[in-house]
1. When the residues of the range 191-224 are narrowed to those that are of a type in the set (Lys, Arg) and more than 10 Å from the ligand (Cβ to nearest atom), which ends up surrounded by the most Cβ atoms within 10 Å (Cβ to Cβ)?
2. Of the conditions (1) farther than 30 Å from ASP222 by Cβ; (2) within 14 Å of the ligand (Cβ to nearest atom); (3) in contact (Cβ under 8 Å) with a residue 40 or more places away in the chain, PHE100 satisfies every one except a single condition; which number is it?
3. If I filter the range 350-362 for residues that are closer than 15 Å to MET255 by Cα and not basic (Lys, Arg), do I get at least one hit?
4. Within 16 Å of the ligand (Cβ to nearest atom) and on the phi < 0 side of the Ramachandran plot, is that true of LEU266?
5. Can you tell me which of THR71, THR39 is among the polar types (S, T, N, Q) and within 16 Å of the ligand (Cβ to nearest atom)?
6. Filter the range 203-222 down to residues that are touching a Lys or Arg at 6+ places or on another chain (Cβ under 7 Å) and closer than 22 Å to LYS94 by Cβ and give me whichever is modelled with the highest pLDDT.
7. Being within 11 Å of the ligand (Cβ to nearest atom) and surrounded by fewer than 23 Cβ atoms within 10 Å (Cβ to Cβ) is the filter here, so list the residues in the range 234-248 that pass it.
Amino acid sequence: MNKPILSKSRRIKKTIFTDRLEEQGLSGYTVYAQTLLPTAFKDSLEEDYFHLTGDGVQIFDVAGQVVIRFTGKDSKKLVQLLTPRDLTNAIFGKCYYCPFTNEEGNLLNDPVVLRLKEDEWLVSIADSAVDLFASGLATGMGLEVNIERTKYQIMAIQGKNSFELSRRVFGDKIMDQKFYNYDYFDFNNNSFLVGRLGWTKMTGNEVWISPDQHKEGLELYDYLFEIGKDLNIKPGYPNLIERIEGGLLSYGNDMDIFDSPLEVGLDKFCNLDSDANFLGKEILKKQRNEGVKKKLMGVKIKDLKQIEVDSEINIYLNDIIIGELRSAVFSPNPKYKQVIGIAMMQNGYFNVGQEFEIIVNDQKYKGEVCSLPFL
Ligand code: THG
């Protein structure tokens, strides 16, 4: 079959790792927040999945998680305006996964937020232009804040052996790091921001390479491959199978600007009764009180062996549309051995156990709604 290529240009940002990854056998890209994000190397998605969840460690170039920096007297006020998560008492050293919402209470993005200093915040975004929206808001409200799309480059160390690899580089102290915490660790007399998080359910570490550390960051990347050989190290990428099993949502795929955080199951990151002032607060409260009219759920599809979701696929019951499939993949995990996916289900049809029909490649298949995450 004809395989189109992605044409590169300055508009699509390279990362500090791009050239290295191509030397390492990279074979596929997607674009994430205007940046190249690897999607394939030499092995298949399934082989990479077993390696990641088995006895290995993978290094992801996730510099597509672009870091926006908010500084200035009103930086806290502005970051808070953008999220229903209460950041009033946000502390240094913690990472906050935050749904960002607009004035309609719908999702703008779902970044990870770090407070570095009293008036300095780093926001590592998913695939939408948070910086433009925030700048407009700041200008309109007359806020004293500087918003900058930085050249931070995030590299993730993920998989079962990730902690041992991190220990060898950053020392024993890193083993005590708690989930979603960050701190500074030395490598070659350079202090790197390292957090215990990353886009796998197993987690691992993320290294946030600052704009003035690009050279040292690439040295660190190479060093990991030198000392990680016995730990079964490979270059990797957020793995679709692992992400769907773990129920890690992808903005633009599973959810977008037409969905609220409550509709996609991000309720636990919404502090609607707090005193914090954020966009869409009253609408979200009303939605919570009345109950959501659609809900993002897991789905399993029987007998289907292969699927590629490049746009939403309708879900039917007796020829009536009751939802749409937004992401799906065949899971080779012995626990599933079938297509699993993430679907937005309409009111009355989002209960676990709900049966449905779906047409893929002109063939009708049966499926069932289940909870997220799968694992
Ligand atoms: N790391 C960083 N930035 C990011 C991502 C990341 N920005 C874009 C994208 N990923 C945002 N999406 C997610 C989705 C899920 C999680 C993190 C970012 C995640 N969720 C945990 C879970 O569901 O188990 C819960 C987190 C918590 O309890 O606070 O990890 O990966 N830097």
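The values are calculated or read from the model by the stated rules, or taken from the named source; none is laboratory data. Bear in mind the structure is a predicted one, so any value in this text is a computation, not a measurement. Backbone-built Cβ (ideal geometry, glycine too); neighbour counts: all protein chains shown.
1. ARG196
2. (3)
3. no
4. So LEU266 passes the test.
5. That would be THR39, the only listed residue that is among the polar types (S, T, N, Q) and within 16 Å of the ligand (Cβ to nearest atom).
6. Ranking the candidates gives ASN205 first.
7. Listed by number, the residues that qualify are ARG243, GLY246, GLY247, LEU248.
Here's the yes/no breakdown for (1) assigned to a strand (DSSP E or B); (2) within 15 Å of ASP259 (Cα to Cα); (3) more than 12 Å from the ligand (Cβ to nearest atom):
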{"site": "LEU78", "(1), (2), (3)": "no, no, yes"}
{"site": "ARG85", "(1), (2), (3)": "no, no, no"}
{"site": "ASN89", "(1), (2), (3)": "no, no, yes"}
{"site": "TYR96", "(1), (2), (3)": "yes, no, no"}
{"site": "GLU104", "(1), (2), (3)": "no, yes, yes"}
{"site": "LEU116", "(1), (2), (3)": "yes, no, yes"}
